[in-house]
Amino acid sequence: MPAVVADGSRRRGDRRGGLRRVAWGALAVVGALVLYYAVTLLQVWLTSREYAPVKAQAIVVMGAAQYDGVPSPDLRARLNQAYILYRQGYAHLIVTTGSREPGDAFTEAEAGKAYLESKHVPAADILEVGGRTTWGNLVLAAHKLHPLGDHDILVVTDPFHEDRSMAIATDVGLDPHPAPTRSSPISGASIVPYFLETAAGVALGRIVGYSHLHALVP
């Protein structure tokens with residue numbers, strides 16, 4: 001009888017030991033994921049602070065909302081930054097990006113082009129591409145720009161979106177340089193959720209690949 005009791009106790013001890021190892025393993029995985037996300041968030045924030053325009057082939061403006069052909073405040077801030085860079089001679093070509101939402105009469109790219117034309121940028125100096133996502137916009141921009149030779153581009157978007165945009169631009173064969181808008185209406189505490197969401201997208205994009213992540217977006 002004592003031998004049976006000892007054997008049962010040993011099995012229960014083995015099970016408890018196995019459960020502890022599983023629990024510690026799960027905690028280690030969770031801890032690694034939290035650390036990875038925290039490092040990614042820091043990198044997204046650091047990139048948001050970079051502003052390093054160089055002479056480039058084109059200025060690529062990432063799309064944002066438009067209302068009946070009128071750029072939203074956020075899109076207008078991006079377009080104004082592109083216009084400043086254009087006037088300063090960093091590039092002589094601006095690429096406006098973004099498609100339309102259901103029911104819209106204009107695409108974000110069309111609204112962006114019209115706005116720049118109202119500031120006397122020649123239509124010949126503006127290219128439109130109508131992707132639905134950051135990946136789609138930059139893929140289409142790359143298709144337009146690759147035949148022109150030089151792959152250096154200035155990426156104009158909100159600071160929180162700069163890291164992800166530049167990573168995708170690199171994936172599609174472009175050589176991006178940060179030139180985020182300095183007049184974004186998204187600021188203060190309201191910007192925190194944007195940083196958190198962007199960091200999650202960057203973290204997932206690095207793991208599964210931005211092209212695969214794009215395929216999951218409806």
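Summary of values
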read-out	value
Convex hull of Cα atoms in the stretch 70-218, direction-averaged projection (nm²)	9.0
Beta bridges by DSSP in the chain, antiparallel share as percent, to the nearest 5	10
Inter-site label distance for Arg49 and Ser72 at 7 Å from Cα along Cβ, in nm	2.7
Residues with amide H under 5 Å from that of Ala58, placed H, sequence gap 5 or more	Leu154
³J(HN,Hα) computed for each position of the stretch 148-165 - Karplus, 6.51 cos²θ - 1.76 cosθ + 1.60, integer Hz, glycine/proline x	7, x, 4, 9, 5, 9, 9, 9, 10, 7, 6, x, 5, 9, 5, 4, 5, 4
Length-normalised contact order of the stretch 68-218 in % [C-alpha pairs under 8 Å, at least 6 apart]	23
Estimated [θ] at 222 nm from DSSP helical runs (n ≥ 4, -39500 (n - 2.57)) normalised by residues in the chain, nearest 500	-18000 deg cm²/dmol
Under the Karplus curve 6.51 cos²θ - 1.76 cosθ + 1.60, θ = phi - 60°, whole-Hz ³J(HN,Hα) for the stretch 62-76, x wherever Gly or Pro sits	6, x, 8, 4, 9, 10, 6, x, 9, x, 5, x, 5, 5, 4
Other-chain or far-sequence residues with amide H under 5 Å of Ile126's (modelled H)	Ile94
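We did not get these values from a lab; they are worked out from the coordinates using the rules stated. From a predicted model like this one, the values you see are computed outputs, not experimental measurements. Heads up, the Cβs are rebuilt from the backbone with ideal geometry, glycines too, and the neighbour counts pull from every protein chain shown.
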